[in-house]
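The next block holds one structure in the form of structure tokens; read it before the comments.
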Amino acid sequence: MHENKELKNISEINGKAHKFKPSRFSVAPMLDWTDRHCRYFHRLLSKEALLYTEMVTTGAIIHGKGNYLAYNEQEHPLALQLGGSDPQALAQCAKIAQERGYDEINLNVGCPSDRVQNGRFGACLMGEAALVADCVKAMQDVVDIPVTVKTRIGIDEQDSYEFLCDFIATVVKDSDCDNFVIHARKAWLSGLSPKENREIPPLDYPRVYQLKQDFPQLTLSINGGIKSLEEAKQHLQYVDGVMIGREAYQNPSLLAHVDRELFDQTVPVTNTVDAVKVLYPYIEQELSKGTYLGHITRHILGIFQGIPGARQWRRHLSENAHKPGADIRVIEKALEMVTERI
């Protein structure tokens, strides 16, 4: 068994005061991607990044049979993203989440999928600002942790700057919400798939910058199409926080530089080979519970992107992690293919 001593350093961060708010840098909630295994690995790469769960619906929490709120204590600071539009149900789930130890509740007002719309939540809620305010207020009334909103800059033909300002102003006026994550694209509620909605509507970063100027009292984070920490630094000249999604998942080595580049220039860059090795005890523990190796390794495939041996690393994991009885030796063998070339 591998013993994990480095996790003590990670857990110590929770007791320290942050120079910056955790929302200064966050990893976006991504359905089917940012599960608990993914978040555990991301935390090994960055102590400071705010991590988000996948969106979890109120129905899943209240009526589902699975443990949809499971996480590891090492994941903090950790936000739960909720999907729903019933204030009472959202309040019930927020209270449960606080009892379970989550650090923040985030309401999804950005997902454009048909399934989400049919449930009357996600991006379509931008057209019902008063309801969003009611939802936020209902959650705030039962929890002490922050309740935040992730939204788009518009929906369908309702994509003027005035529409966005009216939406934000209504939510702020009718609740105490002071923290928004803005995906700098509008959403088409029909005609585009969720994937297309992340790529086709044009990005409009200046609109988010203007929003910060007009609502200086709010904490505003920007999201959408950001691919590097250099880009993040540019955005941080205009807004309070940056959220990165796909790039952080597909090239997680980016996270190894977050703490040094965006929080504390005196801390060392996380060594990605060491981060993989520190993951071993967690993997062995999960395997002993019946977790399949491939459910964990799928999240670490991109860690060595751009490094000699990365292709062999990915191939070995992809071809072997799903096999019956696959264990830590699969990763050790794959890691040799990288370390031999470094």
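The values are calculated or read from the model by the stated rules, or taken from the named source; none is laboratory data. What you see is a predicted model; the values in this text were computed from it and never measured. We place every Cβ from the backbone using ideal geometry, glycine too, and count neighbours over all the protein chains shown. Just the protein is used for accessible areas: all its heavy atoms, side chains included, with ligands, DNA and RNA removed. Shrake-Rupley method; radii C 1.70, N 1.55, O 1.52, S 1.80 Å.
Surface exposure of the chain, expressed per residue as accessible area with a 1.4 Å probe, stands at 45 Å². When each of the peptides 43-53, 233-243 is scored by the mean number of other C-beta atoms lying within 10 Å of its residues, the order from highest to lowest reads 43-53, 233-243. Springs join every pair of Cα atoms under 10 Å in this Gaussian network model of the chain, and among S288, S160, S113 the largest mean-square fluctuation is at S288. Quick one: with all protein chains in place, what share of the accessible area of segment 206-342 is carbon or sulfur, to the nearest percent (1.4 Å probe)? Its accessible area is 47 percent carbon and sulfur atoms. Mean sequence separation of contacting Cα pairs (under 8 Å, at least six apart), scaled by the length of the chain, corresponds to a relative contact order of 16 percent. For segment 278-342, the spread of Cα positions along the three principal axes, ordered from largest to smallest, is 34, 22, 17 Å. Under the shape rule built on the C-alpha gyration tensor, where the axes satisfy a ≥ b ≥ c, segment 152-205 is prolate, since a/c reaches at least 1.5 and a/b is greater than b/c. Note on segment 204-267: percent of Cα-Cα distances in each 5 Å bin, starting at 0 and stopping at the bin with the largest distance, equals 4, 18, 27, 23, 16, 10, 4, 0. Taking amide H positions as modeled 1.01 Å from N, with prolines and chain starts lacking one, the residues under 5 Å from Y52 and 5 or more places away or on another chain are V27, A79. Over the chain, all Cα pairs binned in 10 Å intervals from 0 give whole-percent P(r) values of 5, 25, 33, 24, 10, 2, listed from short to long. Electrostatic bookkeeping for L317 treats Lys and Arg as +1 and Asp and Glu as -1; over the other residues with beta carbon under 10 Å from its beta carbon, the sum is +3.
Taking the protein heavy atoms of segment 18-111 in the context of the full set of protein chains, the accessible area attributed to carbon and sulfur is 47 percent at 1.4 Å. Computed over protein heavy atoms with a 1.4 angstrom probe, the accessible surface ordering of C111, C177, largest first, is C111, C177. The relative contact order of segment 77-202, computed from alpha carbon pairs under 8 Å that lie at least 6 residues apart in sequence, is 27 percent. When the pairs K227/K333; K195/K289; K289/K323; K47/K195; K150/K227; K95/K195 are compared against a 26 Å limit on Cα-Cα distance, K227/K333; K195/K289; K47/K195; K95/K195 fall above it.
Summing +1 for each Lys or Arg and -1 for each Asp or Glu among the other residues whose beta-carbon sits under 15 angstrom from that of G101 gives -1. Local charge for A129 was computed over the other residues whose Cβ lies under 11 Å away, with Lys and Arg +1 and Asp and Glu -1, and equals -3.
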